[in-house]
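Computed from the coordinates by the stated procedures, all read-outs in this text should not be read as laboratory data. Predicted model, so just to flag it, every value in this text is computed and none were measured. Cβ sites come from the backbone with ideal geometry, for glycine too, and all protein chains shown count toward neighbours.
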Amino acid sequence: MTYSTLCWTENQQAHTAQWLNDPRNPAPARLMATDHLNSREALRLMHQQTGIIWRGDYHQGKQLLAAIKKQVRTQAKTAADFHRYRLQQLQHSRLFQLLLVEIQPGFRLDNPRAPDISPALTDIYPVPNQQTWLMPLHLLLGYIGAHEWHKTGVVIEALDQQRIHVPFGVFSPLRGEYLTLVANAALPDTINTAWDIGTGSGVLAAILARRGIPAIIGTDTNERAIDCARANIQRLGYEGQVTLSHTDLFPAGQADLIVCNPPWLPAKAGNAIEAALYDPQHHMLKAFLQQVSAHLNPNGQVWLIMSDLAEHLGLRAPTALPQWIEAAGLHVLHKTDVRPQHPKAQDSGNALFAARQRETTSLWQLVAN
Ligand SMILES: C[S@@+](CC[C@H](N)C(=O)[O-])C[C@H]1O[C@@H](n2cnc3c(N)ncnc32)[C@H](O)[C@@H]1O
């Protein structure tokens, strides 16, 4: 991790603090500090690339950020809109990064009514800061929220209501409908080995283990996902059945069942978390389909989980996925559909609401020709 030093003047005194360099999160051009500001004035300053160091009450800072976000909300209904929506999301997230808080050495926040932020930051940065940091409040709130979710866990019906715990930076199985599809689908007649490609939290590997498959391998390119999956698999007591591997797509060899829930939308990811949701031109999905038959045992099956949200946004032709399946030397044995139940699908304020209302999630059970 590299740092740069930011300087500003406050009450006629020179101040400095460190900034954690990240190409997606450039340092503000100039800085000011305040403990009172309305959202309109804050937005005006932010549009001028002025970073605002919030000295006021912590909860008022949160309200200010929420008011700023409300002012810049958008609706996307078509593909052209979707690309504009993504661009705006990126521009907005750059804007939101300009409302800052000063983190004191040892992960301490001195704003009035601030909570203890040290457990949340320790999840992300194992060594506490020795010097003062400036951090976007938006990012800090993301870390705090993720820390709380990590502690609480997500209840998984398909795992007998047991919980999956997911830290910041790993895909969380909040939408349970696809898990039920995997829990209920008929397994191949002979099933000794299964792979879960892009295992994330390890939730699908755990569901397969619960179904009694003796040898399962979960892979992921995200190291945080592998650590998270390992912790979940151990907590659930499936470490005798499940091995995890930091691997691009497939391990060596063949399996009786190969499951994959790839990112669903063909778009550029803005950050590491989004890499589980967005994949430019469906790169992972296409590579998975092209290579999967070579890894299937005779009479083996491929289980692909996909939503058609990209089709409703005009980002993928409805004929494309069946064509890619056919080109990969596979055919459809069975397809089970489910309508999303998650809150975003019912939220008319969600930017993608029009498309989400029509979304179907499917489990494609595929076999080699
Ligand atoms: C939509 S998430 C699914 C996570 C989990 N299987 C689930 O269903 O909750 C997709 C996962 O694929 C992983 N991934 C993306 N590209 C990959 C690749 N080339 N090889 C292995 N994993 C990959 C991502 O890091 C992410 O964890």
May I ask for the distance between the Cα centers of segment 214-272 and segment 336-355, given as a whole number of Å? 26 Å
According to the Cα gyration tensor, what semi-axes, each the square root of 5 times an eigenvalue, does the equivalent ellipsoid of segment 221-306 have, listed from largest to smallest in whole Å? 22, 20, 10
Give the distance, in whole Å, between the Cα centre of segment 114-143 and the Cα centre of segment 1-50. 17 Å
Per-bin percent of Cα-Cα distances, the chain [20 Å]: 26, 52, 21, 1
Proximal lysine pairs, the chain, alpha carbons under 19 Å, eight or more residues apart or interchain: 7
Quick one: if you stick a label point 7 Å off each Cα along the C-beta vector at Ala327 and Val127, how many nm between them? 4.8 nm
In terms of the alpha carbon gyration tensor, root eigenvalues a ≥ b ≥ c, rounded if a/c is under 1.5 and otherwise prolate when a/b exceeds b/c or oblate, segment 269-331 is oblate
Largest fluctuation, Ala355, Ala317, Ala225 only, Gaussian network model of the chain with Cα springs under 10 angstrom, belongs to Ala317
Counting each DSSP H run of 4 or more residues in the chain as -39500 (n - 2.57), what helix-only mean residue ellipticity at 222 nm follows after dividing by all residues, to the nearest 500 deg cm²/dmol? -9500 deg cm²/dmol
Quick check: residue separation of Ala186 and Arg339 times 0.36 nm, minus the Cα distance between them. What number comes out in nm? 53.1 nm
